[in-house]
Amino acid sequence: MTDTTVKKRKKWSVFDIVAFVVLGLLALVTFFPFYNVLIISVAKFEAISKSDFYIFPLSFDLSAYKLLLQDMKFWSSILNSVIVTVVGVLFSMTISVAGAYALSKRGMPGRNIMLSLILFTMFFNGGLIPFYLVVKDLGFVNNLLVMIIPAGLNTFYLIIMKNYFNTIPESLEESAKLDGANDLYILYKIIIPISAPFMATFALFYAVERWNEWWYALIFISDASKAPLQIYLRETLITSNSLLSQMAQTLAEQEQTGKVYTPALQMAAIVVSSIPIIVVYPFLQKHFNKGIMVGSIKG
Amino acid sequence: MADSVTARTPKRSLRTLAPKQSLGKTILQYKYFYLMVLPVLIWYALFSYAPMYGVTLAFKSFNYSKGILGSPWIGLENFQTLLTDPDFRRAFWNTVIISLMKLITHFPMPIILAIVLYEFSRTKMKRFFQTILTFPHFISWVVLSGIIINILSKDGIYNQIIMLFGGDPNSPLVDESAFRPVLYITHVWREIGWDSIIYLAALAGINPELFEAAEVDGANRFRRLLNIAWPGLKSTVAVLLILQVGQLLTQGSSFEQIFNLYSSPVYSVADTIDTYIYRTSFTIGSDFGYTTAVGVVKSIISLILLWAANTFAKKMGEEGLY
């Protein structure tokens, strides 16, 4: 990000070495838990119990993954999350791109009022119960749409997008206007294509949000067949992981080794569910610095 | 072109241009933009403003069959109950302590990280570190909690290390004195990299010539930080600090993180207003009027905090939020 600074091939300064050590340790601490997930997901119970300090993968066993992939609940939750993610991104992007573009027009009468009304919602809301009652009255209970529509707009992203559109030179639109294009056509044919990388970043942000969605499901979805992936994960990772059940499981496992080690199953679920994020992450990483920079907070 | 003139003219000088173009005509000229912004406005009306009306529930005794409108008014009774409810008090103080401590333990971290990354001269490695440090931000608290629970469990890596050094295995997640530090540490772990991006953006906006000039003048690294980098960062820091103080009671006490990590043994130190509202609202015999009142108190305190932080920032000579 500071590439613009003229920095020739310098030698390692004392500061660089200190920074390298600090950053390296920080990166290690950040990365290690994920590495731990991976090695446990392929571990056999005996391997873990034999080694006091399990840091290197001493065994390799995919039975946890096999068991996970046989679970129909896992597949139905994946399907629900895929639907929510795909439809959700389309919905979120459509309304927030159009809205942010319109809100970037300084001369539009009423614009400041609209912006104030939108910003106000970042600091004041009706609270859980009134929100619950409204969403329930709209018929979103036990409906996948609850994770697509009520969850679908992020005020912070909307503001960043608006600020970004403000940076596009007006002359572009003016020349199209002279050719007789209307504003909808300009947005669709000119503005969106020239800002493709920026749009892609926010589509990915929304995609990650939808993939990680669980709060709306927790509150509005009780029908197990409509549960998204994160609810499935919550059940396998957290609800079943109360200390009591954990002890019970460990005891059962010690008696009949050869069964799948419970943590291995849990960690396998984490690995499989994180694959989409790991796949899109390089794209996210490539663009988000720029996206955030352009937007900043004010504008 | 009338078009571009109005588009660039600030609002207050519209009046001076009025003879040129009536408001009705301007509105007509922007018709497609109104069409574009309409779905967004409907969304906010439905999901932000309609629930705000529901705040009246706090002054009612909610009856499911009668709905919000039909339920009888009871004045401030819900708020009176709230003041004497020990569970609410506990949740209130937990929220204040957890969010303040999170602010103190987390807020400076991304700024320090951004400065270290900025000063670190190996571009490729810098990108590598950034990639790793921002990653946890994109993983949900559900999954991260699963990982944390596993690490801190009886035979998790944490207790293996403890036992390696001859300590007694323990579980911080059910230990009242250790639970909150777990929240602070895992919060920094997840967000430090992501939050540093905005400071890096602010640093990147500083004219590099300033740094070079300072270097020529013989300023050392610390001087340059103090006199060039910090003034460039200051307003971003102020805005983010105001935002975070304003959202202390909401984001600060992070429902997602606590809800996925806590359990009944640590309610006394971990139960916040949000988790308390959730638990009491969706159990049998819940009183929606009462839990709404709890939510209202939370929102009002948040607004006061936001106002206070903004006023303070302005007194300190920063621009503030509004």
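Which residues, taken from segment A:111-168, are in a helix (DSSP H, G or I), within 13 Å of B:MET52 (Cβ to Cβ) and either of a type in the set (Ser, Thr, Tyr) or out of contact with any helix residue (DSSP H, G or I) (no Cβ under 7 Å at 6 or more places or on another chain) (or both)? Selection gives A:PHE120 alone. Evaluated against (1) over 28 Å from A:SER273 (Cα atoms); (2) among the basic types (Lys, Arg); (3) at pLDDT 90 or above, B:ARG122 falls short on exactly one condition, (3). The set of residues in segment A:200-234 that are more than 9 Å from every other protein chain (Cβ to nearest Cβ) and basic (Lys, Arg) comprises A:ARG210, A:LYS226.
The residue pairs whose first member lies in segment A:80-93 and is without any contact (Cβ under 8 Å) to a residue 40 or more places away in the chain, whose second member is surrounded by 20 or more Cβ atoms within 10 Å (Cβ to Cβ) and assigned to a helix (DSSP H, G or I), and whose beta carbons are closer than 9 Å, counting only pairs six or more residues apart or on different chains, are A:VAL82/A:TRP211; A:VAL82/A:LEU229; A:VAL86/A:ALA207; A:VAL86/A:ARG210. The single condition among (1) modelled with pLDDT under 85; (2) more than 12 Å from every other protein chain (Cβ to nearest Cβ); (3) under 30 Å from B:ILE301 (Cα atoms) that B:GLU77 does not satisfy is (1).
Could you please let me know if A:THR250 is within 9 Å of chain B (Cβ to nearest Cβ), assigned to a helix (DSSP H, G or I) and at pLDDT below 85? It is true that A:THR250 is within 9 Å of chain B (Cβ to nearest Cβ), assigned to a helix (DSSP H, G or I) and at pLDDT below 85. Cβ-Cβ contacts under 6 Å between residues 6 or more apart (or on different chains), taken from a first residue in segment A:5-30 that is at the interface with another protein chain (Cβ under 7 Å from one of its Cβ atoms) and assigned to a helix (DSSP H, G or I) to a second residue that is surrounded by 13 or more Cβ atoms within 10 Å (Cβ to Cβ) and at pLDDT 85 or above, are listed as A:ALA19/B:VAL116; A:ALA19/B:PHE120; A:LEU23/B:PHE129; A:ALA27/B:PHE129; A:ALA27/B:ILE132; A:THR30/B:ILE132; A:THR30/B:LEU133.
Here is a yes/no grid of residues against (1) in a loop (DSSP other than H, G, I, E, B); (2) at pLDDT below 85; (3) not β-branched (Val, Ile, Thr):
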residue: B:TYR158; (1), (2), (3): no, no, yes
residue: B:ILE192; (1), (2), (3): no, no, no
residue: B:ASP195; (1), (2), (3): no, no, yes
residue: B:ALA219; (1), (2), (3): yes, yes, yes
residue: B:LYS234; (1), (2), (3): no, no, yes
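For a quick check of your reading of the model, give me the residue pairs whose first member lies in segment B:105-118 and is over 18 Å from B:ARG180 (Cβ atoms), whose second is acidic (Asp, Glu) and assigned to a helix (DSSP H, G or I), with beta-carbon atoms closer than 7 Å and at least 6 apart or on different chains. Taking only residues 6 or more apart or on different chains, the pairs are B:PRO110/B:ASP195. Restricting the first member to segment A:140-155 and to residues that are over 12 Å from A:PHE220 (Cβ atoms), and the second to residues that are of a type in the set (S, T, N, Q) and part of a loop (DSSP other than H, G, I, E, B), the beta-carbon pairs closer than 7 Å and six or more apart or on different chains are A:THR155/A:THR121. Any idea which of B:GLY24, B:GLY54 is more than 8 Å from chain A (Cβ to nearest Cβ) and modelled with pLDDT under 95? None of the other options fit; the residue is B:GLY24. Would you be able to tell me the number of residues in segment A:178-222 that are buried (at least 16 other Cβ atoms within 10 Å of the Cβ), more than 24 Å from B:ILE139 (Cβ to Cβ) and without any contact (Cβ under 8 Å) to a residue 60 or more places away in the chain? Going through segment A:178-222 one residue at a time, the tally reaches 5. Scanning segment B:140-167 for residues that are hydrophobic (A, V, I, L, M, F, W, C), facing chain A (nearest Cβ under 8 Å) and touching a residue at least 12 places away in the same chain (Cβ under 8 Å) yields B:VAL142, B:ILE148, B:ILE149.
The values are calculated or read from the model by the stated rules, or taken from the named source; none is laboratory data. No experiment lies behind these values; they were computed from the predicted model shown. Virtual Cβ from ideal backbone geometry, glycine too; neighbours counted across all protein chains shown.
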